[in-house]
Structure formats: C-alpha cells, structure tokens
Number of protein chains: 2
Amino acid sequence: MNNKISEKIGTDHPHFTDLQSFVGSNSNKKVIAIQGLGFVGAVMSLVCANSVSEEYAVIGVDIPTEKSLRRIKLLNEGSFPLVADDPKIDEFFENSIKKGNFYATANPNAFELADVIIVDVNLDVEKKSNNDFSLSKFDVDLANFKFAISTIGKFCKPEALILIETTVPPGTCEKIVKPTLFDEFLKRKLQTNNLLIGHSYERVMPGPEYIDSIRNYPRVYSGINEVSANATEHFLKTIIDVSKCELTRLDSTNATEMAKVLENSYRATNIAFAVEWSRFAEEAGVDLWSIVNAIRVRKTHANLMLPNIGVGGYCLTKDPLLASWSRKNFFGAEDDLKMSVKSVSTNDQMPVYAYKRLKKVFGNLNGLDVAFFGVSYRGGVGDTRFSPVETLYNLVMSDTGKIKLHDPYVKFWEEQNMKVSNEIEEVLNENLDLIIFSTAHDQYNSDNLIQKIMKLSDCNVFDSVGLLSNDQISLLRTKHKVSVLGRSDII
Amino acid sequence: MNNKISEKIGTDHPHFTDLQSFVGSNSNKKVIAIQGLGFVGAVMSLVCANSVSEEYAVIGVDIPTEKSLRRIKLLNEGSFPLVADDPKIDEFFENSIKKGNFYATANPNAFELADVIIVDVNLDVEKKSNNDFSLSKFDVDLANFKFAISTIGKFCKPEALILIETTVPPGTCEKIVKPTLFDEFLKRKLQTNNLLIGHSYERVMPGPEYIDSIRNYPRVYSGINEVSANATEHFLKTIIDVSKCELTRLDSTNATEMAKVLENSYRATNIAFAVEWSRFAEEAGVDLWSIVNAIRVRKTHANLMLPNIGVGGYCLTKDPLLASWSRKNFFGAEDDLKMSVKSVSTNDQMPVYAYKRLKKVFGNLNGLDVAFFGVSYRGGVGDTRFSPVETLYNLVMSDTGKIKLHDPYVKFWEEQNMKVSNEIEEVLNENLDLIIFSTAHDQYNSDNLIQKIMKLSDCNVFDSVGLLSNDQISLLRTKHKVSVLGRSDII
C-alpha cells in the first residue's frame, strides 16, 4: 500500500489544475465537499466517490498545514495516505481515479461548489493530568471546529446540506453550528430559515473492514428540523448500502450527538471495569481470561471485555470527557458523568500499571535489551494516535535507554518520531532480554514466532494484550519467564 | 399458587414423621441435603428432586427460625412457599410429592445421611450508609455462613461432596470453608485428605423461567482439587440438562467465586452507567430509550441497559461489595474495586433521584392520593427483597401519609409489613391524583389499563420503569401530565 495506485493500474492520473477544471470534467454530478482528510474524512471521501445510488464529484478539503498539504498532494498524485488492512481501500481509490471524481484541495472555495458538505474535522480534548479528569483538569477546544464551521458559512451555497460527522459535545449542532452559520449567513445577507443542518455519526473502525464500517454499517442520524433530517436521510441512502444495514432517525441533533459519545463511553466503561478486575485476578492468583470467557456465554454478558495494556485511538480516550463537559457547559448540570469520566482515568492508568507489573515480575530493567511488538493502539491497524503503547514505551525507555520496535503496519511512529521495523527478524536476535507484546496483531499470534522465541537462549516475555494461548504460555515457560496481564504469575 | 398441591392433585401427601422414615422409604437413592430453603435453595431442591439422570432423595434443611419453621411446615404439607410465574414450579413440586422424594427439616442430623450437601445459605452485606461504600461503610457478615459450614462439618459423612452455591467473597472456599471443615473433621478424628469441596454458582432468575434458570442454564464449577472438581462435575451432570447448556470448569474455587461476583458487578456497573446517562438525557431534553435502542443494534453494544427506578434483589445490590471486601481482606490489596463499588452507590441512589424528579415535575405531594403499581424488585416476579420501590415508597409516604399498593404477585409486602392489592380495580378510582409505575410487570403494559386511566378526571402518571410506549404516553398526555424517567419532560 501507499504506492501510487495510478501507476499500479496503468491509468493516467487525471491532473486537475484547479477546482473549476475538476468540477467541469464532472458536470451533471452533484458535488460533495468533505472537510477534514484524516482517518474518517479520507475514507469517507472514498465511500462518497463510490456511492451506492448516485454519482458524485467529491472534493476533499483540508486546512493548509504542512501535514495536510502533503496529504493533499499524495491524494492528487494517486497515493492513498493511510495504511490499513482493508483491500477495499485500494479498490475504491482506484475506481475514483478511473472515474476522475475525487480531488483534494486546501482551497475553501470548494464549499461554493458543494451540494453536500460533510464535516469531519477533529475536535480535541486537552488533558492536563493523566489521572484526574475533574472538570478543571481538561479542556475542550472548540476553536478549530468553530473556525471550520464559519469557513463553511462564508462560502457555502445557501441550500447546501451541512452534515456534521465530527464527534462533538452533545448540544454542539444547536448551540455552536447553527448560530455560527446563522451569523455568517446574516453577514452575507442570506435567508437563514432554509438552512439545512444534519448530524450523523460514523462508526469507523480502521482495520480490515475500514470501508464497510462506513458503507455497510448501521447509522443514526437527525436534523435541526424535519426538512434537514429528510435531506440527511436522502443523502445517506445514496452512500450507505441500506440493503445491508439500518438507518435510525432520532428526534434531535442533541440525541444523535449524545448517542455517539454514549456508545464510546459505554465501551470505555466496560474496559475500565475489566481493568480493575484484572488487578483483582492477578492478586487472587486466577486467570481472568478464562473467567471472562466462561461468563460471556451468557447473552446478557456477551459484551464483557478482556483486560489489556490500555485504551487508545482517537475516540474512547476522550469521548466520555466531551460528554461530561457538555453536561456542565451546555446544560448547566452540577454533576460530572462520574462513572464515564472515571473510566478514562482508569484506562489511562493501564499502561502505568503494566509497567509496574513488568518491574515486579522481571525486576530492574536497566541495561536490558527490550523489544516492543506492536506500537499501534489496536490489532490489525496502523493507527498510533493516543496508543497506550506510548506510555509504556516511555516508562521502559527511561530504564533501558533503548528499545527495538516492530509493527507490521507502522513504518514510522509519528508521535515518538521513531522508525519502526516491519521485519520480525530485524528485531528478534540472540541478545534480546525481554519481548513485550504490546499490540494484539494477528501476525504475533503464530506458533512460528513462538518457535523462534524458544530458540533464544534467555529472553523473558511480557504479554500485555492477552495474545498468547495457554499452550503457547506453557511451552514458553519451559525455557523463559512469562507474565501475562490479567493472569496470575503463580505457575 | 401457594395452594396445597397435594390437594390439587388428589394425592395423599406422604407424611414422613422423621428423617429416618423419609430415607427408609427412599432406600437405594442417593441423598442430597440442601442447606437453606430461600429463593435459591427451595427451587434447587425441586431441581434435585426432579433430576435428569439419577433418582435422589432430597432433604431441604434450614436453621430453626420462626420463618424457616413455617416454610418447612408448608413444604411438608404440600404448599410451595414461593410465588412465581413459572408453571414448572408446580409441576416439579407435584412430581416430588408423588414420588415422595422431598422432605424439609430443621434437623441438622440430615447431613449424616447425605451423599451430596449443597450450601445455599445467605451471606449478607450490612450497609451502614446509602451512598458511601468505602470499606469502613459496610460489613460482610460471615458468621452465619461459617456456622452453617461448621454444622455440616460436625455431621457430614467424610466422603460427602460439599458443594457451595452461596455467593461468597472470592477466596471463601479456600480461606473459610476448607479450614472450618478441617477443624471439625479433626475434632471428629477423621481424615481430612479426602475432603470433597466443590463450588458452582447458580444463575437463578426468579420469574417465568425460574426452574430452567437452574436446570437448563450454563454453569461454571470448580473444586478445591481435581478429585473434588470431578465429583462436582459428575453430580452436576445428574441434575443439569447438559444437552441444553454447557458446564465450564475453572482452575480453582477462587476463579469460580470471582466469576460469580464479576458477573453481577458487570450488570450493576452497566445499570449505573445507564443511570448517569439518563440524568444527562433528561437535562438535554432527549429520550434515552430511543438512543439506547439505536445503539443496541451494534452487537458490541447489545448489553447496554435502559434506565430504571433502581436495582433490587439479593445479588446486584451487594455482590460488588463482597468482591471489594474480599480483595482487601483476603488478598491484601490496598485498592477498592472502585468502578464496581461506585455502581452500588449510584444504583442505590436511583429511587432517591426518582423522588426528586417526581417533586420537580409534579410539585408538592402533600395530601395527594397516590398509587404504586408494583412493589417487587423486577417485572414478572413476586420477590421484594431489597426492592428499590421501598426507598421511593418511604419518601413519598413521608409526604402523603398514605399510599395504595398494587402488585400482581405480592399479597403481603414483608419488608414494609403492608397488604398489597392484586386487583387493579381496588386501587384505581376517581380520587386518585398520581399513579406511579414502579415495577415493570407485563400486566401494566396494557392498553386496557391506559383506557381506564384515561377515564379518571385528573390523575398524573409517573413512569419510573419505562413501561409506557410512545403512543401510550402521547395518549395519556392529551388528558394528564406524564413524566418518564430517562426521557425529557419537554413535550
């Protein structure tokens, strides 16, 4: 991946010189502008360029930063900027190149041309502490988001549908998006009463079903009024395959915004629950994995989670905080969402706990030759945003001064400014003292790899993601010391 | 129900005068003694008396209190002491009367006769506060449980299998049961090395599938050693229908004990999660019910719970506390199980919140004529133990001085020492000012009942259990004021 698709398929990549030439060569097509070309927006662009029932011309728009300009250049040259395991990404990108219906730009004039504008910009939470998320200890920064909305308001057609996909504090469409667009429309002396604003959140899962997690996955949507909700429904039905999944309309944008952060808070809370019980399991000398599997046979308990090194990615690490922030700032509540907020601090502490266990089991790490297997935040993806591996890496690094890194999906770890090997052989060598399984990539769940580790003369293993099977643990323990998070070390 | 089954079926009830005559008339059968004849033990007795693959003589044993002696008398006269919606209860009890293979007694000599002894006694948590469960604020009382175990140790055959079903703090079999039995065996100058102790927890759900929730429901089991685990497995296979459900063996009694309290803590935590979001939903003017239903279509989120008046019953109100207690007292941890413990206080506060909302929406309740529909802790059952209705009832009572009570399954509310009507007509009358739906019994989910409420001239409705459909709410609102927990009151 990351190669030029246009060269691969022997197609002349269409070199549009500007927006007008792009739109001109796509006449008779409705235009979709997608603001934000990150992990959601870039793939959403592909889904829209390969729509189900209507042909669109799709313009990916980003603000001009060094990173986004590089990304825009890559896209327009025929290289998709994200690495993932999903073959449909290549396929969809290839199709859009053949059709010439996708163009990326930093030029906000794109919004003038669009019939539908989809907002996929980030809305970040700045954490001031790692384990205290009372309201004074984190900030929700709405400035970039507001700027994006007012840019749209300055340029958009008055009849365009503006569809918010960004995860926002509940209340944002009503309290931020609508008044911001109103203001811009008033400045432009436009009518505001026909403004179409919809909200529908994505459930993107970077990984082997990246595209399908948008295209074939149930969706919840709403509008600021019935006309907006109808327009949103009409549009979604052209890009989502509703023969394979359901669309659910909720009464208000408050409701769909809340649904999104509730979904992720539920997940974060269930993970935090597993965390505290994995501590207890270790103390009581039992294997939480077998307990959880025994309980999951109950349908009412199927969502019980397994313990892990921690929670990463862009959503679960912040969405409960967005919700709690909204509750107080938008709706005047006095309470935090205590359980949900607590889940974030519990989860953020997981890699710290993993480090403590590591030291407890294996002793002083000074001078050890350590390898991390996996840097991305979950198995099967190359996404390192807010990866819990980062915290553990920094802690171990402070002891050892050097660490070898492997990940099948990551060549360069941006957050750490570090090269990462994609070849296990480059990392696995006779001098290795400790292997840390830090991401549950399928590639590591291999008896072949275990055999290679068995050949090392003296190398301990710390499985922080529950990757190893009972048999693999038993085998490794005949030669090496092995510790697994959530399991007893009493052998 | 609660009628004499023996009369109903025209069978002479076998009047055993003592244990010997009972066992004599059941010669060639193995004997099971079940200690504790409450919500689990009584029904477990029926399951054992109607076993799958071996004929047993079953003796229900309880300590001689006024209540248990009354229960023993009822059982031996052919009246089953629990009311539930499950027709199999009558059927199984009837069969056991016909076969003459069930006898109840307060005589601990029963244990001398038993090949298998099942422990179903209560192990209670005493809460000293309603919203603070830090470790100093509740007590785990092991005295009764220990007494029950030492009584068994004084009488039991040395080769009997002693199977613990009581929900206990993890570690109890190893740290309490085993040493207590050892002590008693030593006093009796018996060998201790053949002691058989198993642990397998029930997942009893009082209600329409009461019997099947024991007989056809997956089970987790263990033993203090392999021989004990094997004996437990062998026994369970004779009473559980393993063609319909799985048995899962875990490595140690610590593990199965932990599995039980983890299961219930998971449930309690998920309910507490729904609680805090239902507050937020009300504040933001949205309907949490539709949000939860939209999210539950995701398999990973199917266990998301709906908001409610609160959590009741014997398990979820205490099991997270048993776990946290064990973690500190048996395994020396410094931490509470914070999320799990927090769920108990969150849930215990739910009826208090319901009361506050009631007052906020309907104003002063003084002098109002109020009816509660439902006193049991959940729909479909007559179990009032730790019913959340109790807290709400007490709070409303302090304003109104009188309350009408209805419940289809409860004739007498023991905890409140109050008669309860089983006839809706007795409660529903023209003077009624406020109806509170307090238990989600199916009987209340009836358009017929809604029509009757519509005929009242001025009666508000507070649905604290999400019983009413959108259509029913809309209809009622054409005439009355209606408020629903977890939904906006903005109409």
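What follows is calculated from the coordinates using simple rules that are stated; it is not laboratory data. Predicted model, so just to flag it, every value in this text is computed and none were measured. Counting neighbours? That spans all protein chains shown, and the Cβs are built from the backbone with ideal geometry, glycine included.
Distances between equivalent label points of B:Asn431 across the copies, with each point positioned 7 Å along Cα→Cβ, amount to 9.2 nm, shortest listed first. Applying the criteria of a DSSP loop state and at most 11 other Cβ atoms within 10 Å to the GluC sites (Glu not before Pro) of region A:380-445 yields A:Glu423, A:Glu430. Of the residues A:Ile152, A:Ser324, A:Gly60, the one whose Cα sits farthest toward the positive end of the charge dipole of the protein assembly as shown, with +1 on the Cβ of Lys and Arg and -1 on the Cβ of Asp and Glu, is A:Ser324. For chain B, the mean residue ellipticity at 222 nm estimated from helices alone is -12000 deg cm²/dmol, where every DSSP H run of n ≥ 4 contributes -39500 (n - 2.57) and the total is divided by all residues, rounded to the nearest 500. Cross-link reach is defined here as a Cα-Cα straight distance under 19 Å, omitting same-chain residues fewer than 8 places apart; for A:Lys73 the lysines meeting it are A:Lys4, A:Lys8, A:Lys98, A:Lys99.
Region A:309-375 and region A:257-301 have Cα centres lying 15 Å from one another. A straight Cα-to-Cα reach below 22 Å connects B:Lys455 with the lysines B:Lys404, B:Lys479, B:Lys481, residues fewer than 8 places away in its own chain not being considered. With the dipole of region A:316-462 worked out from charges on the C-beta (+1 for Lys and Arg, -1 for Asp and Glu) around the Cα centre, which of A:Leu337, A:Asn445, A:Leu432 lies farthest toward the positive end? Checked the options; the winner is A:Leu337. Taking trypsin sites (Lys or Arg not before Pro) as exposed when their DSSP state is a loop state and no more than 11 other Cβ atoms lie within 10 Å, the longest site-free interval of chain B runs over B:190-401. Taking a ≥ b ≥ c as the square roots of the eigenvalues of the Cα gyration tensor, the protein assembly as shown is oblate, since a/c reaches 1.5 or more and a/b is not larger than b/c.
Please order A:His15, A:His406, B:His234 by the number of other Cβ within 10 Å, starting at the fewest.
A:His15, B:His234, A:His406
A cut-off of 5 Å between modelled amide H atoms, ignoring neighbours fewer than 5 places along the same chain, links A:Val220 with A:Tyr201, A:Thr248.
Considering every residue in A:336-344, what mean count of other chain Cβ atoms within 10 Å of its Cβ is obtained? Can you show the working numbers first?
Values: counts 1, 5, 6, 13, 4, 1, 3, 3, 0.
Taking all residues of A:336-344 together, the mean is 4.
Both numbers refer to the Cα atoms of chain A; Rg and Dmax are 24.1, 78 Å. Note on A:Ser150 and A:Val227: with the Förster distance fixed at 22 Å, the Cβ-Cβ geometry gives a FRET efficiency of about 0.45.
Using the alpha carbon gyration tensor of region B:5-253, what are the three equivalent-ellipsoid semi-axes (square root of 5 times each eigenvalue), largest first, in whole Å?
Rounded to whole Å, the semi-axes are 27, 22, 19.
Treating each Cα of region B:349-484 as one equal point scatterer and applying the Debye formula with no solvent, the log10 of I(q)/I(0) at q = 0.10, 0.15, 0.22 Å⁻¹ comes out as -0.28, -0.65, -1.58. Applying 0.36 nm per residue to the separation of A:Ala302 and A:Leu186 and subtracting their alpha-carbon distance, the gain on full extension is 36.6 nm.
When the C-alpha to C-alpha distance is required to be over 18 Å, the pairs from B:Lys29/B:Lys244; B:Lys30/B:Lys88; A:Lys154/A:Lys189 that qualify are B:Lys29/B:Lys244; B:Lys30/B:Lys88. Of all aspartates and glutamates in the structure, those lying under 18 Å Cα to Cα from B:Lys137, and not within fewer than 8 positions of it along the same chain, are B:Asp124, B:Glu126, B:Asp319, B:Glu334, B:Asp335, B:Asp336, B:Asp348.
For a paramagnetic label modelled on B:Lys30 (point 7 Å from Cα along Cα→Cβ), amide N atoms under 16 Å away belong, within region B:204-235, to B:222-223, B:227-235. Note on chain A: with charges restricted to the Cβ of Lys and Arg (+1) and Asp and Glu (-1), its dipole about the Cα centre is near 560 debye.
Using +1 at the Cβ of each Lys and Arg and -1 at the Cβ of each Asp and Glu in region A:185-341, identify which of A:His234, A:Pro307, A:Asn264 lies farthest towards the dipole's positive end. It is A:His234, whose Cα lies furthest towards the positive end. Fewest-first ordering of B:Ile453, B:Ile34 by other beta carbons within 10 Å of each residue's beta carbon gives B:Ile453, B:Ile34. The mean number of partner chain beta-carbon atoms within 10 angstrom of a residue's beta-carbon across peptide B:302-310 is 2. For the pairs A:Lys128/B:Lys338; A:Lys67/A:Lys342; A:Lys237/A:Lys260, note any where the Cα-Cα span goes beyond 28 Å. In this structure, A:Lys67/A:Lys342 lie more than 28 Å apart at Cα. Each Lys and Arg Cβ is given +1 and each Asp and Glu Cβ -1; about its Cα centre, the protein assembly as shown then shows a dipole of about 720 debye. Axis between A and B by rotation; chain A residue with nearest Cβ and distance in whole Å recorded as A:Asn303, 2.
Would you please classify the overall shape of region A:433-491 from the alpha carbon gyration tensor, given that a ≥ b ≥ c denote the square roots of the eigenvalues, rounded means a/c under 1.5, and beyond that prolate means a/b larger than b/c while oblate covers the rest?
It comes out rounded by the Cα gyration axes.
Set the Förster radius R0 to 35 Å, insert the Cβ-Cβ distance between B:Glu246 and B:Glu159 as r into 1/(1 + (r/R0)^6), and round the FRET efficiency to 0.05. Efficiency computed from Cβ-Cβ geometry: 0.80.
For the segment B:286-299, counting C-beta atoms of other chains within 10 Å of every residue's C-beta and taking the mean gives 6. Each copy carries A:Ala302; placing its label point 7 Å along the C-beta direction from Cα gives inter-copy distances of 0.1 nm, listed from smallest up. Is the shape of region A:47-95 best called rounded, prolate or oblate, per the rule: a/c under 1.5 gives rounded, else a/b larger than b/c gives prolate, else oblate, with a ≥ b ≥ c the square roots of the Cα gyration tensor eigenvalues? Oblate, because a/c is 1.5 or more while a/b does not exceed b/c.
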